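Everything on this sheet refers to the single structure shown next.
The values are calculated or read from the model by the stated rules, or taken from the named source; none is laboratory data. Every value quoted in this text rests on a predicted model; they were computed, and no experiment measured them. Backbone-built Cβ (ideal geometry, glycine too); neighbour counts: all protein chains shown.
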Amino acid sequence: MPDPRAPLAIGDLPVAVRAAATALGSELAEALGDGLHALYLYGAVTFPESDGIGDLDYHAIMSGPMASQERAAYQAACDRLASVPGCDDLDGWVISLDDARGSNPPLHLLRSELRDEAWALHRAHWLAGRCVVLHGPDPVAIVTPPGWAELRAGLEAELRFLRAVAAEHDAYAVLNACRILRSLAERDAVQSKFGSAAWALKHLPTELGPAIRAALSTYRGTATAADAESLAAARPTIEALVSASSGMSTRRE
């Protein structure tokens, strides 16, 4: 992959999410104390085309195992953040520094049944500068650059996940399918859902256009009943298109 780029600053984020990002960093740093090695914010809010729309995705990287008091403090911080505007939809991973230094999907320290199957994609985003360091060192000091084989595996995991999500998440499934298709076409996994939708409107069959626009409207909060119908009708087609373009399995889990 290209040489790493410097992370963004909070001031580079859309105005609408800066206060929420600051609160996230402050609350988790205070709750986790010396055990917190690094805290990275990433995802849609780090792409200008998303205009601040999207939840706050983050990874908290812990220096070692979490003690019971750290677990309790973390949960209390998340509970407080739920009342902060912009922090009501947090999507966070808590992983160990040892796992973060490797290439295998890391274990969630608070939910042992979960592993971050998109780990290669997350590392690629961070190293491309699509993250904000809320605490700790630059990601380049911790994570290794993923190769294309790792990234393809991460994209395949994304396809499996989007095929499994329920119908009420059709908009997510359609936009993430666009992101997978663009990532494969450009051999670059550092893409946003909104940017990939714009790409898809130019490159995918025109009959998918209404569903892609409906997905964007859903994220913007302006969707209609007709948009929901369009999404439901087109979702299987665009999922199959991802499979046909990539050789990935279409089997639902």
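Summed over region 93-127, residues that are aromatic (Phe, Trp, Tyr) and out of contact with any helix residue (DSSP H, G or I) (no Cβ under 9 Å at 6 or more places or on another chain) total 0.
For region 35-60, enumerate the residues that are part of a strand (DSSP E or B) and within 20 Å of residue 89 (Cα to Cα).
Within region 35-60, the subset part of a strand (DSSP E or B) is 36-42, 56-60.
39, 40, 41, 42, 56, 57, 58, 59, 60, listed by residue number.
Quick one: in region 120-135, which of the residues that are in contact with a strand residue (DSSP E or B) (Cβ under 9 Å, 6 or more places away or on another chain) and of a type outside the set (A, V, I, L, M, F, W, C) is surrounded by the most Cβ atoms within 10 Å (Cβ to Cβ)?
Of the residues in region 120-135, the ones in contact with a strand residue (DSSP E or B) (Cβ under 9 Å, 6 or more places away or on another chain) are 122, 125-126, 129-135.
Filter once more, keeping what is of a type outside the set (A, V, I, L, M, F, W, C): 122, 125, 129-130, 135.
Numbers: 122: 26, 125: 23, 129: 17, 130: 22, 135: 18.
The extreme case among them is 122.
Across region 196-216, which residue is surrounded by the most Cβ atoms within 10 Å (Cβ to Cβ) among those that are closer than 21 Å to residue 163 by Cα and in contact (Cβ under 8 Å) with a residue 40 or more places away in the chain? Per the stated criteria, the residue is 215. Among residues of region 174-193 being touching an Asp or Glu at 6+ places or on another chain (Cβ under 7 Å) and part of a helix (DSSP H, G or I), the one that is surrounded by the fewest Cβ atoms within 10 Å (Cβ to Cβ) is 176.
Within region 85-98, can you find the residues that are assigned to a helix (DSSP H, G or I) and either buried (at least 19 other Cβ atoms within 10 Å of the Cβ) or touching a residue at least 24 places away in the same chain (Cβ under 8 Å) (or both)? I'd like the intermediate steps shown before the answer.
First pass over region 85-98, keeping only residues assigned to a helix (DSSP H, G or I): 97-98.
Selection gives 97 alone.
Scanning region 136-156 turns up at least one residue that is surrounded by fewer than 23 Cβ atoms within 10 Å (Cβ to Cβ), among the charged types (D, E, K, R), within 30 Å of residue 228 (Cβ to Cβ) and assigned by TED's automatic domain parsing to the domain that holds residue 204.
Can you find a residue in region 232-251 that is within 22 Å of residue 48 (Cα to Cα), surrounded by 15 or more Cβ atoms within 10 Å (Cβ to Cβ) and over 19 Å from the mean Cα position of the chain (by Cα)? Spell out the reasoning first.
Narrowing region 232-251 to residues within 22 Å of residue 48 (Cα to Cα): none.
Looking for residues that are within 22 Å of residue 48 (Cα to Cα), surrounded by 15 or more Cβ atoms within 10 Å (Cβ to Cβ) and over 19 Å from the mean Cα position of the chain (by Cα), one finds none in region 232-251, hence no.
Would you pick out the residues in region 19-57 that are surrounded by 20 or more Cβ atoms within 10 Å (Cβ to Cβ), over 26 Å from residue 73 (Cβ atoms) and acidic (Asp, Glu)? Within region 19-57, none qualify. As a summary of the residue check, residue 109 satisfies the conditions (1) free of Cβ contacts under 8 Å to residues at least 60 places away in the same chain; (2) surrounded by fewer than 16 Cβ atoms within 10 Å (Cβ to Cβ); (3) not polar (S, T, N, Q) except for the one numbered (2).
Conditions (1) under 21 Å from residue 155 (Cα atoms); (2) charged (D, E, K, R), marked per residue:
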| residue | (1), (2) |
| --- | --- |
| 188 | yes, yes |
| 194 | yes, no |
| 197 | yes, no |
| 200 | yes, no |
| 217 | no, no |
| 223 | no, no |
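Scanning region 1-18 for residues that are surrounded by 15 or more Cβ atoms within 10 Å (Cβ to Cβ) and either of a type in the set (A, V, I, L, M) or closer than 20 Å to residue 93 by Cβ (or both), which turns out modelled with the lowest pLDDT? Among them, the one singled out is 1. Applying a threshold of 6 Å to beta carbon distances and a minimum spacing of six or more residues, or different chains, the list of pairs starting in region 69-84 at a residue that is assigned by TED's automatic domain parsing to the domain that holds residue 23 and ending at one that is outside any helix (DSSP H, G or I) reads 81/87; 82/88.
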